[in-house]
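K.L.:
Before we start, here is the structure in question, set down as structure tokens.
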Amino acid sequence: MSRRKKLYEGKAKILYEGPEPGTLVAHFKDDATAFNAEKHDVLEGKGVLNNRISEFLMVHIAQMGIPTHFIRRLNMREQLIHEVEIIPLEVICRNISTGSICKRLGLTDGERLPRPIVEFCLKNDELGDPVVAEEHIAAFNWAGPQEVEDMISMTLRVNDFLSGIFAAVGIRLVDFKLEFGRQYDGDMVRTILADEISPDSCRLWDIVSGKKLDKDRFRKDLGGVTDAYAEVARRLGVMKDQPNLKVISNGDAE
Ligand code: 5GP
């Protein structure tokens, strides 16, 4: 995509100027990174799958009344989104103990938590996205009290909703990461869901076999990463309209 002005390139996405003010085009790359980009690979087709899975989930989340930055998918790798000021926090919601919470708190891996736990991490690659308390968020003014309350309530609603969607197709939603942004409209500002929701940002385990269907396959060198993402897409009924679509494609057009 060279015809649009590139505004930002991240680890998994590129943001281009959108066709109208207040809009951006998000381009989903095939790059996979982990451990603060120490591990990097290109997984052909990952961007196409994440674009479609994220579209599917964002559309359903919007339908239940949670505002999101998603406007519409443009092509295999790109979606039109509302421009927001990203709140510099990652909001993590956990249903099952695994990953960093086990290391931090000495928990046994794979056990259902007493209730969903919402954690905030500061978005800072150099520091490795450290967990922060609401006290830090308030003191350093990373987000206001109303924004924190809104992020927690939206995250818990997204958790209930996505847990149901995934359970219906035999997948356990173990944990996930969300990002939120501020959307300005004159004097008004509202908190809306931003970024993506995909197997890059969720842990998804097959309910029967426990097989990991998410980015942990890349982090832990388990292999079959894009096959697992394609399995998630298939079960959700995403890309049903294109049964013969070759996921391995670098093109932007459908
Ligand atoms: P953990 O803190 O256990 O490493 O991750 C918790 C959940 O948040 C996992 O689903 C993981 O994929 C997601 N997550 C945490 N940090 C990041 C991040 O920087 N990028 C992405 N895409 N997901 C993250």
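K.L.:
Show me, for region 41-47, the HN-Hα J-couplings you get by feeding each phi into the Karplus relation (A = 6.51, B = -1.76, C = 1.60, θ = phi - 60°), rounded to Hz, glycine and proline as x.
P.N.:
Each residue of region 41-47 in turn: 7, 10, 10, 4, x, 4, x Hz.
K.L.:
Could you pull out the pairs from K39/K177; K13/K240; K177/K215; K46/K215; K11/K103; K215/K240 whose alpha carbons sit more than 21 Å apart here?
P.N.:
Numbers: K39/K177 19 Å; K13/K240 24 Å; K177/K215 12 Å; K46/K215 10 Å; K11/K103 25 Å; K215/K240 23 Å.
Over 21 Å Cα-Cα: K13/K240; K11/K103; K215/K240.
K.L.:
Principal axis lengths of region 85-206 from Cα atoms, whole Å, largest first?
P.N.:
45, 31, 25 Å, listed from the longest principal axis down.
K.L.:
Please build a GNM for the chain, connecting alpha carbons under 10 Å apart, and tell me which residue among N51, N141, N159 fluctuates the most.
P.N.:
Of the options given, N141 has the highest mean-square fluctuation.
K.L.:
Pull up all non-local amide H partners of I96: gap of 5 or more, or a different chain, and H-to-H distance under 5 Å with H placed in the peptide plane.
P.N.:
It is L113, by chain and number.
K.L.:
Would you mind checking which residues have amide H under 5 Å from K13's amide H? H placed 1.01 Å from N; only 5 or more apart, or other chain.
P.N.:
So K13 has HN proximity to K29.
K.L.:
Mean-square fluctuation check for the chain, GNM, Cα pairs under 10 Å: which of L222, L122, L204 is largest?
P.N.:
Maximum among the listed residues: L222.
K.L.:
Still on this structure, please answer the following. When the chain is fully extended, how far beyond the present Cα-Cα distance does K220 get from Q146, taking 0.36 nm per residue of separation? Don't skip to the end; give the middle numbers.
P.N.:
Numbers: separation 74, 0.36 × 74 = 26.64 nm, distance 3.77 nm.
Gain in length upon complete extension: 22.9 nm.
K.L.:
How big is the Cα convex hull of region 15-129 in projection, averaged over all directions, in nm²? Spell out each step's value before the answer.
P.N.:
Details: hull surface 36.8 nm².
Result: 9.2 nm².
K.L.:
In whole Hz, with x marking every Gly and Pro, tabulate ³J(HN,Hα) for region 142-151 from phi via Karplus 6.51 cos²θ - 1.76 cosθ + 1.60, θ = phi - 60°.
P.N.:
6, 7, x, x, 5, 4, 4, 4, 4, 5
K.L.:
Connecting C-alpha atoms closer than 10 Å in a GNM of the chain, tell me which of A168, A139, A26 has the biggest fluctuation.
P.N.:
A139
K.L.:
At R0 = 35 Å, how high is the FRET efficiency between I165 and E38 if r is their beta carbon distance? Nearest 0.05 is fine.
P.N.:
Values: r = 33 Å, r/R0 = 0.93.
Calculated value: 0.60.
K.L.:
For the chain, taking Cα atoms only, what is the radius of gyration to one decimal and the Dmax to the nearest whole Å?
P.N.:
Radius of gyration, then largest Cα-Cα span, for the chain: 17.6, 53 Å.
K.L.:
Same structure, new question: Give the long-range amide H neighbours of E83: residues separated by 5 or more places, or on another chain, with amide H under 5 Å away, using H modelled in the peptide plane at 1.01 Å from N.
P.N.:
T23, L24
Any read-out appearing in this document is the output of simple, stated calculations on the displayed coordinates, not a laboratory observation. As the structure is a computational prediction, the values presented were derived from the model and not from experiment. Don't worry about glycine lacking a Cβ; one is built from the backbone with ideal geometry, like all the others, and counts go over all protein chains shown.
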